[in-house]
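Everything below concerns the one structure shown next.
The values are calculated or read from the model by the stated rules, or taken from the named source; none is laboratory data. Keep in mind it's a predicted model, so treat the numbers as computed, not measured. Every residue, glycine among them, receives a Cβ derived from its backbone with ideal geometry; neighbour counts consider all protein chains shown.
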Amino acid sequence: MGEGHYGRHGTLGIATPQANVTAETEFRALLPRGVACATVRMTSDEPLPEDRLRAYFTDIGQTLDRFDTLVMGAVGLACTGSSYLLGHASVEASLATLSARRQQSVISAAAAIERALNQIGARSIALICPYPEWLLEAAERHWQERGFVLADRFSLDPHQRDTRAIYGLSPEIAAEQIRTRWHSRKADVYLITGTGLPTLRLVAELSGVLPGPVLSSNLCLAWATLLEAGIDLAERGPSAAMPLLAGWENRLDDC
């Protein structure tokens, strides 16, 4: 694409749950100048949240076809809960087939997180999520089955009935809960999973007070999607101790 056009360094795609505006806002804020972002919604009419999360990924091929002929370097799927419920092997096998059909990488948020964890050599995780308890348990199983040790795990709102309650949670309250619980707890990495909770300012703040790197689903997904697209990064590591991409805080202020 010629100089001066939008996306002159490439275009990335992001697929978000239908009511989630956090993921696309943070994803765009994390992208360097000259990289465009296109969004598509993962939709489902299922009334139960667990069925809705499964449907997002089982129907993902049809969802991504809505991009039509748009040329993108890679597509990130901004939903960790779907991977936690469907299982790593099933999800990643399906996405490998889909990536081959589309001739572009399709990356799950859970796979992006795992890539980031391996990049920084983390084996123990302190895990926080905005999910109800039943989905936190699925997240815990996922990371244990992937070979990681959970130093701690807790939910910001364990008794919520629907995962869409995530979008109403306060990042300020989340920051206080995390500081209180983790100020002296040791782990290789402090992971905030779930793409619907606003986390970028939270990650930046906590990186200055917790004794290790802080990662989030959206941070890892933007990083891994850029790598898959072959877009060069100023910082190769996903650790929030050094902001993934310069200037994201300023771009977030404009949202």
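Overview of values
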{"quantity": "Only one of Glu50, Glu46 that is acidic (Asp, Glu), farther than 16 Å from Ala224 by Cβ and in contact (Cβ under 8 Å) with a residue 24 or more places away in the chain", "calculated": "Glu50"}
{"quantity": "Among (1) over 19 Å from Leu221 (Cβ atoms); (2) of a type in the set (Gly, Ala, Ser); (3) touching a helix residue (DSSP H, G or I) at 6+ places or on another chain (Cβ under 7 Å) - the single one Ser90 does not satisfy", "calculated": "(3)"}
{"quantity": "Test: residue in the range 87-106 that is crowded, with 24+ Cβ neighbours inside 10 Å, closer than 25 Å to Thr199 by Cα and not acidic (Asp, Glu)", "calculated": "yes"}
{"quantity": "Helices (runs of 4 or more DSSP H) within the range 21-126 that include 2 or more residues of a type in the set (Lys, Arg)", "calculated": "49-58, 88-102"}
{"quantity": "Selected residue [within 20 Å of Glu114 (Cβ to Cβ) and modelled with pLDDT under 70] from Gly212, Gly194, Gly147, Gly237", "calculated": "Gly237"}
{"quantity": "Test: residue in the range 155-174 that is at pLDDT 80 or above and outside any loop (DSSP other than H, G, I, E, B)", "calculated": "yes"}
{"quantity": "Pairs with Cβ under 8 Å, 6+ apart, first in the range 64-87 and at positive phi and free of Cβ contacts under 8 Å to residues at least 60 places away in the same chain, second assigned to a loop (DSSP other than H, G, I, E, B) and surrounded by fewer than 22 Cβ atoms within 10 Å (Cβ to Cβ)", "calculated": "none"}
{"quantity": "Selection status of Leu117, outside the structural domain of Arg41 (by TED's automatic domain parsing) and in contact with a Cys (Cβ under 9 Å, 6 or more places away or on another chain)", "calculated": "yes"}
{"quantity": "Residue that is surrounded by the most Cβ atoms within 10 Å (Cβ to Cβ), among those in the range 1-60 that are of a type in the set (Lys, Arg) and under 24 Å from Ala138 (Cβ atoms)", "calculated": "Arg52"}
